[in-house]
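Quick notes on the structure that follows.
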Amino acid sequence: MSDIDWDNLANQAAAQTDAEFQTTIASLTRMNITEIDQFIKESQITNANAIKVLKEINDAAASNTAKADAIANIDNGVKFLVSMANKIV
């Protein structure tokens, strides 16, 4: 996932419909469109902010503390992560 242009993806997410966004995220992850829709609804996050969260998670140079701080500053970013974690646990 390190070859992804996250900034470009965030710009595209703002213009995409929810269905288009879910398809894009599904193609980048192991989640299906239904799961992505559920995460978005549960966390009440915007498409652009969901991309910001995923970008922070993917940032290999940042420490876990720096990632947590950055995600905490994204509207509904923590809710989005909790929704994803609930899928795993």
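No lab work stands behind these numbers, since they all come straight from the coordinates. Predicted model, so just to flag it, every value in this text is computed and none were measured. Reconstructed Cβ throughout: ideal geometry from the backbone, glycine too, with neighbour counts over all protein chains shown.
Summary table
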| quantity | calculated |
| --- | --- |
| Given charges at beta-carbon only (K, R positive; D, E negative), |dipole| of the chain in Debye | 260 |
| Relative contact order (%) - criterion: Cα under 8 Å, at least six apart; region: the chain | 31 |
| Charge context of ILE71, other residues only, Cβ under 9 angstrom, K/R +1, D/E -1 | 0 |
| Over the chain: helical MRE at 222 nm, DSSP H runs n ≥ 4 each giving -39500 (n - 2.57), nearest 500 | -22000 deg cm²/dmol |
| The chain: most fluctuating residue of ALA26, ALA60, ALA70 per GNM, C-alpha cutoff 10 Å | ALA60 |
| Nonlocal Lys pairs with alpha-carbon distance under 14 Å, the chain (8 or more apart, or different chains) | 6 |
| Efficiency of FRET from Cβ geometry, THR29 and ASP75, R₀ 30 Å, rounded to 0.05 | 0.90 |
| Ratio of Rg to Rh over the stretch 18-89 (Cα coordinates, Kirkwood Rh, two decimals) | 0.95 |
| Net charge over other residues, Cβ less than 10 angstrom from the Cβ of GLU56 (K, R count +1; D, E count -1) | +1 |
